[in-house]
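Report on one structure; see the data block that follows.
The values are calculated or read from the model by the stated rules, or taken from the named source; none is laboratory data. From a predicted model like this one, the values you see are computed outputs, not experimental measurements. Heads up, the Cβs are rebuilt from the backbone with ideal geometry, glycines too, and the neighbour counts pull from every protein chain shown. Ligands, DNA and RNA are stripped out before the accessible areas are found, and what is left, the full protein with its side chains, is counted by its heavy atoms. Shrake-Rupley method; radii C 1.70, N 1.55, O 1.52, S 1.80 Å.
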There are 4 protein chains.
Amino acid sequence: MEKIVFIQTGGTIDKDYPHTTKGWAFEFGEPATNRILEKLNPSFEYEVITAFQKDSLEINDEDRSKLVALIHELSCSKIIITHGTDTMKETAEALSVIQDKLIVITGAMRPERFTNSDAAVNVGMAIGAASLLDKGIYIAMHGVLAKHDMIKRNMETGKYYL
Amino acid sequence: MEKIVFIQTGGTIDKDYPHTTKGWAFEFGEPATNRILEKLNPSFEYEVITAFQKDSLEINDEDRSKLVALIHELSCSKIIITHGTDTMKETAEALSVIQDKLIVITGAMRPERFTNSDAAVNVGMAIGAASLLDKGIYIAMHGVLAKHDMIKRNMETGKYYL
Amino acid sequence: MEKIVFIQTGGTIDKDYPHTTKGWAFEFGEPATNRILEKLNPSFEYEVITAFQKDSLEINDEDRSKLVALIHELSCSKIIITHGTDTMKETAEALSVIQDKLIVITGAMRPERFTNSDAAVNVGMAIGAASLLDKGIYIAMHGVLAKHDMIKRNMETGKYYL
Amino acid sequence: MEKIVFIQTGGTIDKDYPHTTKGWAFEFGEPATNRILEKLNPSFEYEVITAFQKDSLEINDEDRSKLVALIHELSCSKIIITHGTDTMKETAEALSVIQDKLIVITGAMRPERFTNSDAAVNVGMAIGAASLLDKGIYIAMHGVLAKHDMIKRNMETGKYYL
């Protein structure tokens, strides 16, 4: 089985809690995929790298260009990107210039650190896609795994659907 | 998106702990998929049913025939079976008489009740398969999702691989 | 054993994650003590009530007066307050006018929803105090359970100590 | 604050799951207190040692004598023992020859590895006792922390109570 590269870009999935005083907000921690893959103990080879750590509303065109360049440079053709849930489709659109690799964008509605997080299921869906597919830009959220231009989002509830 | 039916058959994924005195062993609890799907809050319709609750070494020919009959009766064509890890391939073989449905067999190396369980990732892989495939008998374990007769198991480590 | 009343006032322990779009910050959820007590399955009678839901830096004199009045009205004499970690000592000071009850203030450095939270251990310490003590204002954090005017806090690390 | 020594003796709290094939039963893993104390990040000094790893129905007179000898040798006077739930009172009785130390026996109804375990709350109660008490043999379970000869157990439900 081919190697998979996991790319951290920030988003809810990686939000952690600062350990100090007067801490209001969450902060980004190490990639949640590290903890998920440790539980999985997978039979495939993998690498986890960080592109940037941003809430997805703050990801700009420059970040997306950087991400495209980063993926172009990878010799590996199976890519899973963890990403904030608010601009997955925008990032997918920007990545659609890459036509010879499989890229699955996933994330979580609640941080992977939460006991009731959806992170592990979502990353599982993305790994399933990497087993079955060779190319294309996909999004995996809310139990739906589909080509990025086929998936829709309910802006009221935040849920992705077909 | 089509409805998915999850079938519980027992196995490590569903092992729970008895709450009484002098309890040595684990016992089977309600389907772990219920708890995983609650976290996922999926956009697809689903149903969780129980075929039986057995350690997979104890599943016999009669059980497997019962499972085949149960699936034949379902109007739904996307099936995810949670199953003990020791005889997934035997059950898949028995199910291969069903040619018009997608069946993904998954499970876990550690009970879903465990904080370090692989259950959610594995069920995620199976759900990913249900998004992409229409028919065939698949196994999803250790980050590998493949046709049941393509996947192998290392009998020393218990790991499935391609 | 006497009944224990748990009072929610907000703070890190009860921070949860909003399920909608464009959510940056956390929000306060139902009292974390409910989930902890469900796991404990305790032999004592208890009630969980909410005084207010605030980050402890935002608790003001009026809130503290309200809390004093609320506790005066309770017929129960064993009180455990979950509270933000930044002003536990200020609240304890305000509560020290109550001389005939046991009050233990506790909380968490990471939300109870986190897999690596200290919430359950801290609430356990407070329950231990309720088993052993009859009156006084105590703080339970970082493995230290002591009279509120005996416990100190390292403002660099946020750690309570003796 | 004085140092606390945590002694592992086995029991439900430390039950883990074997990672290999054909594994029916659980096995004893490293002390659960290590994981609980990592979450707590305590302000007290501590050490975690293993006396033995047994289901408490299998602990015999020789084991209990060994435990008494082990504790006599410790320079530390605050001891927390994690123990199976079925013979806590028998072990407490055997330890009652030690009159100059505080010993709290605790454990769990579900393994600490379980997401719905009571382990952290129980260990929290024991740590609370170590903050407040200097000597005596105590049991901490089901939200009750009391001298070992005061606590009772409902043999039907397994619950300790006063």
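The distance linking segment B:27-100 with segment A:82-100 is 35 Å (Cα centroid to Cα centroid, whole angstrom). Taking Cβ atoms as reference points and 15 Å as the exclusive limit, the residues near A:Gln99 contribute a net charge of 0, counting Lys and Arg as +1 and Asp and Glu as -1.
Inter-chain neighbour count for C:139-145: the average number of beta-carbon atoms from partner chains within 10 Å of each residue's beta-carbon is 6. Across chain C, Cα pairs under 8 Å and at least six residues apart give a relative contact order of 24 percent. Assign one of three labels to the protein assembly as shown, namely rounded, prolate or oblate, based on the Cα gyration tensor with a ≥ b ≥ c the square roots of its eigenvalues; rounded applies when a/c is under 1.5, prolate when it is not and a/b is larger than b/c, and oblate otherwise. Since a/c reaches 1.5 but b/c is at least a/b, the shape of the protein assembly as shown is classed as oblate.
Counting only DSSP beta bridges whose two residues both lie in the protein assembly as shown, roughly 30 percent are antiparallel. Dividing the summed -39500 (n - 2.57) terms of all DSSP H runs of n ≥ 4 by the residue count of chain B sets its mean residue ellipticity at 222 nm at -8000 deg cm²/dmol. Accessible-area rank, largest first, for B:Glu30, A:Glu47, C:Glu112, D:Glu156: D:Glu156, B:Glu30, A:Glu47, C:Glu112, with all protein chains present and a 1.4 angstrom probe. Each residue was assigned an accessible area with a 1.4 Å probe, and for B:Asp100 the value is about 100 Å².
Bridgeable aspartates and glutamates around C:Lys39 (alpha carbons under 16 Å apart, same-chain partners fewer than 8 residues away excluded): B:Asp16, C:Glu30, C:Glu47, C:Glu112, C:Asp118, D:Glu112, D:Asp118. DSSP beta bridges confined to chain B are antiparallel in about 30 percent of cases. Here's the picture: a label point sits 7 Å out from the Cα of A:Cys76 along the beta-carbon direction, and within segment A:33-68 the residues with their amide nitrogen under 18 Å of it are A:33-53, A:67-68. Taking the label point 7 Å along Cα→Cβ, B:Gln53 and its counterparts in the other copies are spaced 2.8, 3.5, 4.3 nm apart, in ascending order. Each label point was placed 7 Å from the Cα along the Cα-to-Cβ direction; for A:Asn34 and A:Lys147 their separation is 3.7 nm.
For the residues of C:27-39, the average number of beta carbons from a partner chain within 10 Å of their own beta carbon is 2. Computed over neighbours whose Cβ is under 9 Å from that of A:Thr9, the net charge equals -1, Lys and Arg +1, Asp and Glu -1.
A point 7 Å from Cα along Cα→Cβ stands in for A:Glu30, and the other copies hold the same point at 1.4, 3.5, 3.6 nm, listed in rising order. Look at the stretch A:84-94: the mean tally of other chain Cβ atoms within 10 Å of its residues' Cβ atoms is 1.
Apply the a/c threshold of 1.5 to the C-alpha gyration tensor of segment D:105-144 and tell me whether it is rounded, prolate or oblate. It is prolate, given that a/c is not under 1.5 and a/b is the larger ratio. A rounded overall shape is assigned to chain D, the ratio a/c of its alpha-carbon gyration tensor axes (a ≥ b ≥ c) being less than 1.5. Summing +1 for each Lys or Arg and -1 for each Asp or Glu among the other residues whose beta-carbon sits under 14 angstrom from that of B:Val144 gives +3.
Across the identical copies, the label point of B:Glu90 (7 Å from Cα in the Cβ direction) is separated from its matches by 3.8, 5.4, 6.6 nm, in order from shortest.
Within chain C, the longest run free of trypsin sites (Lys or Arg not before Pro) that sit in a DSSP loop with at most 15 other Cβ atoms within 10 Å is C:23-134.
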